[in-house]
């Protein structure tokens with residue numbers, strides 16, 4: 001079973017290296033990391049591209065700033081996992097943002113025509 005981790009980033013140079021090292025340190029052999037950068041201007045994209053150049057299981061896409069919920073919907077549109085894990089790129093204040101993320105994801109789900117099974121899995125997180 002392939003596990004695909006979806007990660008949306010925005011101006012995260014301070015946290016991206018520890019996060020990527022943690023993800024790459026996992027022992028599950030069939031893991032892919034799909035990253036969408038949401039318009040960073042601080043070097044995050046360059047760091048991510050370095051990781052992608054050195055690891056075949058990392059794919060990086062870039063785009064304009066949509067906000068984290070819509071950025072995840074873009075990721076859902078291009079993902080193709082057997083099992084999907086959505087990972088909000090919020091490290092220090094993850095618990096406060098988790099509720100906000102799920103609320104925004106829920107409100108977007110009403111108008112989005114993407115993979116509903118993935119959305120419902122994300123909302124169970």
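Tally the residues that are buried (at least 22 other Cβ atoms within 10 Å of the Cβ) and more than 10 Å from the chain's Cα centre (by Cα), restricting the search to region 1-14.
Residues in region 1-14 being buried (at least 22 other Cβ atoms within 10 Å of the Cβ) and more than 10 Å from the chain's Cα centre (by Cα): 1 in total.
I'm trying to understand the selection: among the residues of region 46-63, which are outside any helix (DSSP H, G or I) and within 15 Å of the chain's Cα centre (by Cα)?
Those that are outside any helix (DSSP H, G or I) and within 15 Å of the chain's Cα centre (by Cα): 57, 58, 59, 60, 61, 62, 63.
Is it fair to say residue 17 is out of contact with any strand residue (DSSP E or B) (no Cβ under 6 Å at 6 or more places or on another chain) and either outside any strand (DSSP E or B) or at pLDDT 85 or above (or both)? Before you say what the answer is, go through the steps one by one.
Numbers: out of contact with any strand residue (DSSP E or B) (no Cβ under 6 Å at 6 or more places or on another chain): yes; either outside any strand (DSSP E or B) or at pLDDT 85 or above (or both): yes.
Yes.
Taking region 15-45 only, how many residues are surrounded by 12 or more Cβ atoms within 10 Å (Cβ to Cβ) and more than 15 Å from the chain's Cα centre (by Cα)?
Total satisfying the criteria: 3.
Mind checking whether some residue in region 21-38 is under 17 Å from residue 68 (Cβ atoms), touching a residue at least 12 places away in the same chain (Cβ under 8 Å) and out of contact with any strand residue (DSSP E or B) (no Cβ under 7 Å at 6 or more places or on another chain)?
No, that holds for no residue.
The values are calculated or read from the model by the stated rules, or taken from the named source; none is laboratory data. Since we're looking at a predicted model, the values are computed, not measured. All Cβ positions, even for glycine, are placed from backbone atoms using ideal geometry, and neighbour counts span all protein chains on display.
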